[in-house]
1. Which of the numbered conditions does ALA95 fail, given that it passes all the others? Conditions: (1) exposed (fewer than 15 other Cβ atoms within 10 Å of the Cβ); (2) part of a helix (DSSP H, G or I); (3) of a type in the set (A, V, I, L, M, F, W, C); (4) at pLDDT 95 or above.
2. In the list VAL30, VAL41, VAL66, which residue meets the criterion of being buried (at least 16 other Cβ atoms within 10 Å of the Cβ), at pLDDT below 95 and of a type in the set (A, V, I, L, M, F, W, C)?
3. Working carefully through the options LYS10, LYS74, find the one that is part of a loop (DSSP other than H, G, I, E, B) and modelled with pLDDT under 80.
4. Between a first residue in region 38-56 that is in the same structural domain as ALA89 (by TED's automatic domain parsing) and a second residue that is charged (D, E, K, R) and outside any strand (DSSP E or B), which pairs have beta carbons less than 9 Å apart while being 6 or more apart in sequence or on different chains?
5. Please determine whether any residue of region 78-89 is modelled with pLDDT of 80 or more, loosely packed, with under 11 Cβ neighbours inside 10 Å and within 22 Å of VAL30 (Cβ to Cβ).
Amino acid sequence: MAKQVRKKGKHPALNFNHGSGSTSDENLIVYIPRGPMLETVSETIGLKVQGYTCWYVHEGIIQASVIIGLPRQKDSFRESSITYEGEAANTKDEAMEKSAQVALKCICANYNISINDHNYYALEVTKERSFTTREKA
């Protein structure tokens, strides 16, 4: 059984139980923020996260976009950028995170980047186990 903690206005966080009755078959879910991942990926390929813009869509609903600076083209003095817009959210942090997620997904697809996630193998094994269990049923 997976445990996930959701704090009001925050992203899911690690639920770390200091030995107070947790069993070994409980999975811990850790959320890795997309903002730092976007910074790392962008820096690696020569892009620059220039900043975020937030605005109210409706009362209490915020939307954000992230501006990514592109490398200068040869023989050009003009800088260019691209803006990625995320979905609306209840908080500024969530809106910025959603725009970072959209940017990260598009950049990874456009530049053929895969993020080396240490959980990837575990996810594949879990899928295999689920599939094998369904076959036996």
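The values are calculated or read from the model by the stated rules, or taken from the named source; none is laboratory data. Note that this is a predicted model, so its numbers are computed, not measured. Note: ideal-geometry Cβ built from the backbone for every residue, glycine included; neighbour counts use all protein chains shown.
1. (1)
2. Values: VAL30 fails: buried (at least 16 other Cβ atoms within 10 Å of the Cβ); VAL66 fails: at pLDDT below 95.
Only one candidate qualifies: VAL41.
3. On the way: LYS74 fails: modelled with pLDDT under 80.
Exactly one residue qualifies, and that residue is LYS10.
4. VAL49/GLU39; VAL49/GLU43; TYR52/LYS92; CYS54/LYS92
5. For region 78-89, residues modelled with pLDDT of 80 or more, loosely packed, with under 11 Cβ neighbours inside 10 Å and within 22 Å of VAL30 (Cβ to Cβ): absent.
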